[in-house]
Protein chains: 2
Amino acid sequence: MPSAALVIVGNEILTGKFSDENGPWLIKRLRALGCDLVRIAVVRDRVDEIAAEVRTCLAAADRVITSGGVGPTHDDVTFEGVAAALGVGLEERTELTTLIERYGIPLDAANRRMATLPAGAALESDPAVSFPVVRCDRVYVLPGVPKLFRLKFEAVSAQFAGDAVATARLFVTESEPAIAVRLTAVAARFPRVDIGSYPRFGEGPFQVVITLESRDAADVAAASEAVRAEMATITLDP
Amino acid sequence: MPSAALVIVGNEILTGKFSDENGPWLIKRLRALGCDLVRIAVVRDRVDEIAAEVRTCLAAADRVITSGGVGPTHDDVTFEGVAAALGVGLEERTELTTLIERYGIPLDAANRRMATLPAGAALESDPAVSFPVVRCDRVYVLPGVPKLFRLKFEAVSAQFAGDAVATARLFVTESEPAIAVRLTAVAARFPRVDIGSYPRFGEGPFQVVITLESRDAADVAAASEAVRAEMATITLDP
């Protein structure tokens with residue numbers, strides 16, 4: 001089953017200038033693709049912080065996606081960070097300088113930065129994107145602008161596809177402290193089912209939402225039945 | 001100037017079951033307090049991943065906030081993770097078992113977990129919260145339920161207060177590739193001003209948003225003037 005991790009390069013997120021749209025979108029998209037997202041980090045526009053986080057993500061996941069920091073300005077340092085993470089240098093790519101000129105963008109020192117990639121990067125072309133997706137080993141370097149992030153992710157999304165996840169949600173009318181011992185016992189009986197317990201206050205006629213998931217739908221059904229047998233649940237309209 | 005980092009413990013966020021509300025809220029709240037947020041990570045409900053991330057955040061920031069994983073169920077492992085990060089054991093606290101009993105919660109094995117803290121944790125009481133805030137060294141361990149996260153953060157928010165940040169935003173009608181060389185030169189002239197450049201498409205009669213910030217308002221004003229002198233900007237209604 002493929003796993004992924006997301007590095008959001010974004011002073012603008014951490015300082016509240018823009019809210020992050022790419023994390024929430026990617027969470028749902030990877031879910032639909034059957035890919036496990038194991039980690040998200042938002043880091044500053046600094047080469048050392050990007051490099052360290054990319055290394056952490058490479059150790060934790062099969063594929064790493066970065067968001068942001070790939071434009072022509074002084075605060076765009078993601079290519080440098082990814083190169084440092086991978087221990088490679090940077091090289092200007094003529095495939096990209098050619099595209100930059102074709103689109104009428106001045107090929108000055110700043111804009112050449114957009115064509116200066118970690119050595120050995122793969123350029124994944126797709127009819128839907130005017131610049132190819134840059135993939136460095138297992139790291140997909142995507143732009144931060146939400147519209148472009150989505151377009152470019154879709155150009156490579158097939159590489160993130162896995163098996164569908166079976167899920168269930170149960171709404172418990174007892175409190176979490178009241179059910180915790182019983183729930184722990186159920187979780188121990190179904191080690192292959194990921195069971196979550198989330199107390200909620202004032203959201204409806206329930207006190208806890210129990211979530212269950214597994215790649216095996218029969219396991220989810222059996223664990224759900226066990227939860228229902230052990231504690232008071234109600235059915236909500238979907 | 002105080003700095004902070006946020007660790008969100010949340011399988012439920014990474015798998016799309018709940019969307020994270022605490023990150024966006026804390027970004028704005030720390031900003032208003034004058035505290036620099038330098039890093040956010042969302043990790044799974046796993047002791048080793050929580051411990052590693054808390055260590056990373058302790059190295060990057062003065063204060064670390066964790067969100068989630070402090071309830072009585074099997075998936076609540078944040079106290080174990082923070083203890084591992086700090087290299088201390090766990091100990092049951094009679095101040096908390098007393099409170100648990102006072103509130104009529106059964107003092108069973110599961111609920112005792114809520115009173116079993118990293119050794120040496122400080123309990124910060126406040127009239128607004130029924131359980132004290134748990135602080136382990138420089139790590140503030142807060143619940144994930146948004147309403148409780150906010151209440152408990154406010155109980156300790158004075159510890160995050162710093163000097164106000166001066167900011168400005170400029171809307172540029174030229175494209176980012178067209179201005180990048182000039183903007184880089186302005187940024188080099190004002191090293192104490194954090195200047196960000198964000199291309200936007202179809203959001204208004206501008207192509208780039210330039211953000212400027214510093215603890216020194218005069219620096220921001222001078223850098224803004226320099227940007228305006230170098231490129232075509234427009235004024236938007238606030």
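Across the stretch B:18-75, what is the number of residues that are among the aromatic types (Phe, Trp, Tyr) and modelled with pLDDT under 95?
1
Go through the residues of the stretch B:191-202 one by one and say whether even a single one is buried (at least 17 other Cβ atoms within 10 Å of the Cβ), within 12 Å of chain A (Cβ to nearest Cβ) and hydroxyl-bearing (Ser, Thr, Tyr).
Yes, that holds for at least one residue.
Search the stretch A:100-118 for residues that are buried (at least 19 other Cβ atoms within 10 Å of the Cβ) and pair each with any residue that is part of a helix (DSSP H, G or I) and hydroxyl-bearing (Ser, Thr, Tyr) when their beta-carbon atoms are under 7 Å apart and the residues are at least 6 apart or on different chains.
Close Cβ pairs (under 7 Å, with a partner that is part of a helix (DSSP H, G or I) and hydroxyl-bearing (Ser, Thr, Tyr)) amount to A:Ala110/B:Thr184; A:Ala115/A:Thr97.
Exactly one of these conditions fails for B:Glu213: (1) buried (at least 18 other Cβ atoms within 10 Å of the Cβ); (2) farther than 30 Å from B:Leu6 by Cα; (3) among the acidic types (Asp, Glu). Give me its number.
Only one criterion is unmet by B:Glu213, namely (2).
Output the number of residues of the stretch B:85-103 satisfying the condition of being among the small types (Gly, Ala, Ser) and either modelled with pLDDT under 95 or touching a strand residue (DSSP E or B) at 6+ places or on another chain (Cβ under 9 Å) (or both).
First, pick out the residues of the stretch B:85-103 that are among the small types (Gly, Ala, Ser): B:85, B:87, B:89.
So of that shortlist, the ones also either modelled with pLDDT under 95 or touching a strand residue (DSSP E or B) at 6+ places or on another chain (Cβ under 9 Å) (or both) come out as B:85, B:89.
Result for the stretch B:85-103: 2.
Read through the list (1) assigned to a helix (DSSP H, G or I); (2) of a type outside the set (S, T, N, Q); (3) out of contact with any strand residue (DSSP E or B) (no Cβ under 8 Å at 6 or more places or on another chain); (4) within 8 Å of another protein chain (Cβ to nearest Cβ), then give the number of the only condition that B:Pro72 fails.
Among (1) assigned to a helix (DSSP H, G or I); (2) of a type outside the set (S, T, N, Q); (3) out of contact with any strand residue (DSSP E or B) (no Cβ under 8 Å at 6 or more places or on another chain); (4) within 8 Å of another protein chain (Cβ to nearest Cβ), B:Pro72 violates only (1).
Provide a single number: the residues in the stretch A:49-64 that are of a type in the set (Asp, Glu) and at the interface with chain B (Cβ under 10 Å from one of its Cβ atoms).
The total comes to 2.
Can you tell me which residue in the stretch A:128-152 is nearest to the other protein chains (Cβ to nearest Cβ), limited to those that are of a type in the set (Lys, Arg) and not in a helix (DSSP H, G or I)? Before the answer, list the steps.
Kept after step one, since they are of a type in the set (Lys, Arg), are these residues of the stretch A:128-152: A:135, A:138, A:147, A:150, A:152.
Still in the list and also not in a helix (DSSP H, G or I): A:135, A:138.
Details: A:Arg135: 22, A:Arg138: 19 Å.
Ranking the qualifying residues of the stretch A:128-152, first place goes to A:Arg138.
Report, by residue number, each residue of the stretch B:189-206 that is modelled with pLDDT under 95 and either of a type in the set (Ser, Thr, Tyr) or over 27 Å from the mean Cα position of the chain (by Cα) (or both).
Scanning the stretch B:189-206 gives B:Ser197, B:Tyr198, B:Phe201, B:Gly202, B:Glu203, B:Gly204, B:Pro205, B:Phe206.
Mind listing whichever residues of the stretch B:47-90 are free of Cβ contacts under 8 Å to residues at least 60 places away in the same chain, in contact with a helix residue (DSSP H, G or I) (Cβ under 7 Å, 6 or more places away or on another chain) and of a type in the set (Ser, Thr, Tyr)?
B:Thr73 - this is the single residue of the stretch B:47-90 that is free of Cβ contacts under 8 Å to residues at least 60 places away in the same chain, in contact with a helix residue (DSSP H, G or I) (Cβ under 7 Å, 6 or more places away or on another chain) and of a type in the set (Ser, Thr, Tyr).
Which pairs turn up if I take residues in the stretch B:213-226 that are in a helix (DSSP H, G or I) and look for partners that are basic (Lys, Arg) with beta carbon separation below 8 Å, at least 6 apart in sequence or on another chain?
Correct list of pairs: B:Asp219/B:Arg192; B:Ala223/B:Arg189; B:Ala226/B:Arg189.
Please go through the stretch A:153-165 and pick out each residue that is surrounded by 17 or more Cβ atoms within 10 Å (Cβ to Cβ) and within 14 Å of chain B (Cβ to nearest Cβ).
Within the stretch A:153-165, A:Val165 is the sole residue that qualifies.
Just name the residue that is farthest from the other protein chains (Cβ to nearest Cβ) out of those in the stretch A:27-48 that are of a type in the set (Gly, Ala, Ser) and outside any helix (DSSP H, G or I).
Of all residues in the stretch A:27-48, those of a type in the set (Gly, Ala, Ser) come to A:32, A:34, A:41.
Still in the running and outside any helix (DSSP H, G or I): A:34, A:41.
Values: A:Gly34: 12, A:Ala41: 4 Å.
Among them, the one singled out is A:Gly34.
Spot the failing condition for B:Pro106; the list is (1) within 8 Å of chain A (Cβ to nearest Cβ); (2) at pLDDT 95 or above; (3) part of a loop (DSSP other than H, G, I, E, B), and only one is missed.
With (1) within 8 Å of chain A (Cβ to nearest Cβ); (2) at pLDDT 95 or above; (3) part of a loop (DSSP other than H, G, I, E, B) applied to B:Pro106, the lone miss is (2).
The values are calculated or read from the model by the stated rules, or taken from the named source; none is laboratory data. From a predicted model like this one, the values you see are computed outputs, not experimental measurements. Neighbour counts run over all protein chains shown; Cβ positions are idealised from the backbone, glycine included.
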